[in-house]
Amino acid sequence: MENARKRMNMKIQFPAMTFREIDGPLTHELVREPGRFGLGQVPVNRRPVAIAKSICGFCSTGCGLKIHLDEKGQAINLTADTDYPVNLGMACPKGWESLTPLSAPDRAVAPLLDGKEVDWDTALQVFCRKFEAIMDQHGRESVAFLSTGQIMTEEMAFLGALAKFGMGMIHGDGNTRQCMATAAMAYKESFGFDAPPYTYADFEESDVLVFIGANPCIAHPIMWQRVERNHHSPEIIVIDPRKTETAMAATQHLAIKPKADLTLFYCLANWLVAHDSLNQDFIKAHTSGFEAFQEFVKDYAPEKYLLELGLSEKQFDKFANSIAAGKRISFWWTMGVNQGHQATRTAQAIINIALMTGNIGRPGTGANSITGQCNAMGSRLFSNTTNLIGGHDFTNALHRAKVAGALNIPVERIPDKPSLAYDQIIQGIEDGKIKGLWMIATNAAHSWINQKRFKEAAKKLDFFVVQDMYSTTETAQLAHLILPAGGWGEKEGTFINSERRIGVSHKVSRAPGQALADFHIFRLIAEYWGCGPMFRAWTSPEAVFQLLKEVSRGQPCEITGIEDYAMIEHSGGIQWPLVQKSEVRSQKPEQERRLFEDGGFFTDDGKARFVFEAPCAPPEMPDDEFPFVLLTGRGSSTQWHTQSRTGKSAILRKLHTSQLQIDLHPLDAKNLGVRDREKVRVSSRRGSITAESRLTATVQRGQVFLPMHDAAVNQLTLSVFDPVSRQPSYKHCAVRIEAAG
Amino acid sequence: MAALEHRESLIDSLLAEQSKMGTAAACFSEWHDSDQAEPLQSRYYRNLIPFKKPERGEQYAFEVNLDQCTGCKACVTACHSLNGLDDNESWRDVGLLLGDDYTPYQQTITSACHHCEDPACANGCPVLAYEKDADTGIVRHLDDQCIGCSYCILKCPYDVPKYNNKRGIVRKCDMCQSRLSAGEAPACVQACPTSAIAIRIVEFEPRTNPSRPLLPGLIASDYTRPTTRYISSNPVPDTADAADAAKPRTEQAHTPLVVMLVLTQFATGAILFAQNSVMRWTGFMAALLGIGASVLHLGQPLKAWRCFLGWRKSWLSREIMAFGAFAPAAFGFALNLIPLWLAGVVGLTSVFCSVMVYVDTRRPFWAARWTAPRFFGTTLLTGVAFAACFDASFATVAAIHGMVKLGWESLYLSSDDPRDHRSHRLLLGPLRELHFARFITGLLGISLMLSSPIAGFICLMTGEFLERIIFFRAAAAWKMPGNA
């Protein structure tokens, strides 16, 4: 009876008294008409009256979008921006569906105190009273905040300044710890500043591209678009244990053993030294510490390590010869590198290869970290968490004085010690030292490694505030107080993308109920906390942007040359740095700029450093009890992190598997007696979950893969952190698989 | 106190500011106000659409370069947004092919309507709601002509037409016809970041290997002659299979059709073995009820009067016309105005049309050798069993007939044609209980028939209804590779 039931809700049309109804109301619904604004045809029921431009709020690619507005200025549709230099009129499915999550039924529409709706005044009073009480009793270090890479630069700057300078907190970190801390630390140590050197044009200019632990085909499809536009018939080398979409598209795939990348690059360095394939001029002029590195890699003769790497001699030689022969080699890495037990050293092993071959500062080159979240780069520079705002150092008195001056705040308000890292904050909660937590736009109860620890820690908190678009996230459900936030599209501000490009996003949709932009929430908290006067100048995102320009003065990330948002928009986004020049004003900066073109780095001596350390085995190797290595990663291009937003779009949901599936090698499955699409139990020492088997030889024997978007997956992962960057190692732990019929 | 008031008024002013709209557009709309002759995006898709129109013997076709299709799925969302479709609606879909046990291989497959040379959807439509455009070859669905019978969904071996619940009709890809005629690229072509989808002009010509499927695991292309070309520098391995092959989708039950089929077949049987006027009138009533039930299946029943239009090609159109004749024939027979042979022939003709409706879809589970015995079997079995209620001498025949029918149905599971594997999986997997219940009811009916024909008849009828539900639910459709 399903059709009969469906018909109850639908309109039955009366027929015309002709044999054929070529046209009519149903046909008319799908008519397309010229949309003006250079758009081409658009659906007749969604013709825009005006257009606004914004930068996408999902990933760090930072695509330009054109938002189609109705007469009230409300967004009704969107298309990708043809003229924006990042994406050339393209967007991935998440970008196309940016507006859908805004109208989800589970939006937080009022502050919720212990599950009951309260007004903003009550919520803010409770917020201040509770945190104040904890800090009065247990000191400034007893309260912490966890920020995000998903809000605007001006907002995260406000949050960091408010929490640390205004409210007096010492500890605050961001979810960027989970994705980019490694790259930031690696660059800082090697280049003297957290400075990804590239511009997206480099994808098109290289003759050799090396992707390490990166699957841009689905994780950054619009960057892959640029690779496809490379007209130099490039050698594309993918280093990944799995035959990913990107590995399929590569000319060489090195399916190394998980976490063998550090050794691989030391072997490559050894080979390059042995084959005299070095750029001695560059090494001498622009680097320091090469002799020690050369000495160190003497032990890494490739032939000794082939078994450990999981490669044949032929594969390694072909790879090494490609690097030796390449004229413009670019190295690109993401989470496969950043999330490891020796992540920072691995990233630096890649940087070392770029340095010793002189592949940096020229078109098509670079040791390039591809960032994750839309504003991870903003967070790295301006969130006032690990670094003092603007890429400064909390322990440096000169820096504190400079920032205090630029922001017009008393210097003694600036803590002189750095914050604890994310995992140390969680540890602090477990140890009872941290009793109050304020979490903004992130979902730790889903995403934190060995999730159970976070969930249990959260229960120990005296006061836990979650500020989010949705009251339904796994984390919001644990909170005492939920502050309803406006999302992307409901506020304005800037993002900084992977290639250091600053772009502006606008308010194009009305926030539901009492939800407020994070920026407004911070203004209110400043007022209620009693530190309003300190933030008198922080009246709008653009006003804060002007302050951040001042803060950046003299730093490698200086942006004093950017006048205002309008200049950013007219220029198609602006990459940092852009230093103010007195003589020329309002000139459009070049659209694609890379760092280190003059060979000068940001270290004290201007030279890049070779940093290295001996590899060690991952802490939890497979054994008889847990014989498989569990790899995790992105499942599809239509899913974003914990799915709090992408899960709200019916069309995106349709484009990924409806159940959690575990990739398992068919021959391993045979041994386990597991058939394709059967329920299996996946257990680690931390937890046990069920998933559906998907048999595919794209994973190697002895390895299994789970997409990270399902809340169950981080019940299995192991709390291991890179000692340098404190970034969690999501991509290696031991599990057992059993048929669960 | 003043501070407190200030705080509260700040809340109010920020809430007011939050709800103020229209600030974003004011700044930028003037940049774009000019009506451009050519859409901005055309600079990136100009080479992906033909410069000229198709000539005689040619048509437009999608060409997908698999080397460049790397799994981003932007085409699906762009189709959804640029065509103003419903929340979960898109006319393009993306699935996945995986390699065999020893081949690390994966390939995403994007597909929309293949705008076939010989479109099965159009051939099956009883009301001619499809039109193959003479100039472009685009297979267009006429939304206002559609009666929502869903037969095109059963006919299309690529799972293209989709039923739209809200509207009670089917909708599908029209290759963005209006865009192409304005020199613009279809939504999916415009939106592919790697230019993997193009529109090309192809010739109608006898293929060198017409029976080869578009991709491994699909139906042989000679059924509809799809025009989409999948090109690749590395051919798709023959052993590759859809990622969802091991978990076929359980199909819809189509309850009104179950009722219609069983009752019209019972009606024919009751007439053929009519012993008395009770059987005659029961036959008529069953025919009426069955045909009535079929109306519940339609999304736009008021438009169904055009159902004869497709009679030249559509077995559904023919079935409806046969039913149209059967109801008065059964009535005439009940009134003794029409002889048995005439009512019987009309009844059997409509059963034959019913068989052909399903055989013509080419679903392996609905092949003639399985469907004809089911439908004619139901006719005879229910007819004889009903007669046994009045004359016990029919009971043995009914029991024997029931055994034969059950035996034949169970033989399906022993078919080793790989095309039958998906239906096997459904019968032994998600439909296991239903399948079991069908055989138990059948066997119970047979044994009861010998002692208590009325109880046996009720049981056998129930068994036939279960059999027909399984008939629909286990009929694994041909489709493009899926995701999950």
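What follows draws every value from the coordinates through simple rules; no lab data is involved. What you are looking at is a predicted structure, and each value in this text was computed from that prediction instead of being measured. As a convention, Cβ positions derive from the backbone with ideal geometry for all residues, glycine included, and neighbour counts pool all protein chains shown.
Some observations on this one:
- Extension gain from A:Gln137 to A:Lys581, taking 0.36 nm per residue of separation minus the Cα-Cα distance: 154.8 nm
- Distant alpha-carbon pairs in region A:26-164 (separation over 17 angstrom), percent: 74
- Placing +1 on each Lys and Arg Cβ and -1 on each Asp and Glu Cβ, with no other charges, gives region B:20-149 a dipole about its Cα centre of roughly 300 debye.
- Estimated from helical segments only, the mean residue ellipticity of the protein assembly as shown at 222 nm is -11000 deg cm²/dmol, where each DSSP H run of four or more residues counts as -39500 (n - 2.57).
- Simple spin-label estimate for B:Arg229 and A:Asp114 in nanometres, 7 Å along Cα-Cβ: 7.1
- With a 10 Å cut-off around each Cβ of B:235-243, the average count of Cβ atoms from other chains is 1.
- Principal-axis analysis of the Cα atoms of chain B puts helix B:394-411 at an angle of about 30° to the longest axis.
- The listed peptides B:333-343, A:125-135, A:89-99, B:379-389, ordered by packing as a protection proxy, come out as A:89-99, B:379-389, A:125-135, B:333-343 (highest mean of other Cβ atoms within 10 Å first).
- Remark on region B:343-417: Rg and Dmax equal 14.0, 43 Å (Cα only).
- Hydrodynamic radius of chain B per Kirkwood, over alpha carbon pairs, in Å: 25.5
- Where a label projected 7 Å from the Cα of A:Glu456 along Cα→Cβ would reach, residues of region A:672-701 with amide N under 13 Å: A:686-687
- Residues listed by number, region B:304-340, amide nitrogen under 20 Å from B:Asp118 label point at 7 Å toward C-beta: B:310-318
- Inter-chain neighbour count for A:211-220: the average number of beta-carbon atoms from partner chains within 10 Å of each residue's beta-carbon is 2.
- Distance (nanometres) between label positions extended 7 Å along Cα→Cβ at B:Glu5 and A:Asp564: 3.4
- R0 of 22 Å, Cβ-Cβ distance A:Val411-A:Arg536: FRET efficiency to nearest 0.05: 0.75
- Ordered by the count of other Cβ atoms within 10 Å of each Cβ, fewest first, A:His732, A:His275 give A:His275, A:His732.
- Region A:51-186: antiparallel DSSP beta bridges as a percent of all, rounded to 5: 75
- Coordinate range along principal axes, alpha carbons of the protein assembly as shown, Å, largest first: 110, 76, 65
- Prolate/oblate/rounded label for region B:36-82 (Cα gyration tensor, a/c 1.5): oblate
- For chain B, the longest principal axis of the Cα atoms and the long axis of helix B:315-334 meet at an angle of about 30 degrees.
- Stretchable slack from A:Leu667 to A:Met17, in nm (0.36 nm times residue separation minus alpha-carbon distance): 227.7 nm
- Sorted peptide list for A:203-212, A:321-330, criterion being average Cβ within 10 angstrom, highest first: A:203-212, A:321-330
- Rh by Kirkwood over Cα pairs, then Stokes-Einstein D for region B:256-351 at 0.692 mPa s and 37 °C, µm²/s: 247
- When the square roots of the Cα gyration tensor eigenvalues are ordered a ≥ b ≥ c, the ratio a/c for region B:208-252 is 1.5 or more and a/b does not exceed b/c, which makes its shape oblate.
- Simple label model, 7 Å out from Cα along Cβ direction - B:Asn47 to B:Leu289, nm: 6.7
- Relative counts (whole %) of C-alpha pair distances in region B:376-446, using bins that are 10 Å wide: 19, 42, 27, 11, 1
- Rg/Rg_ref, region A:473-562, where Rg_ref = 2.2 N^0.38 Å and atoms are Cα: 1.28
- R0 of 45 Å, Cβ-Cβ distance B:Ile454-A:Thr251: FRET efficiency to nearest 0.05: 0.05
- Per-residue average of Cβ from other chains inside 10 Å of B:103-109: 6
- Calculated on C-alpha atoms, the gyration radius of region B:28-149 divided by its Kirkwood radius gives an Rg/Rh of 1.03.
- Within straight-line cross-link reach of B:Lys405, lysines at Cα separation under 28 Å, skipping those fewer than 8 residues along the same chain: B:Lys155
- When you filter the trypsin sites (Lys or Arg not before Pro) in region A:506-547 for DSSP loop state and at most 10 other Cβ atoms inside 10 Å of their Cβ, you are left with A:Arg536.
- Net lengthening on full extension, A:Cys128/A:Asp276 (0.36 nm per residue, minus Cα-Cα): 46.9 nm
- The long axis of helix B:340-359 is offset from the longest Cα principal axis of chain B by roughly 30 degrees.
- By other beta-carbon atoms within 10 Å, ranking A:Val31, A:Val465, B:Val397 with the fewest at the front produces A:Val31, B:Val397, A:Val465.
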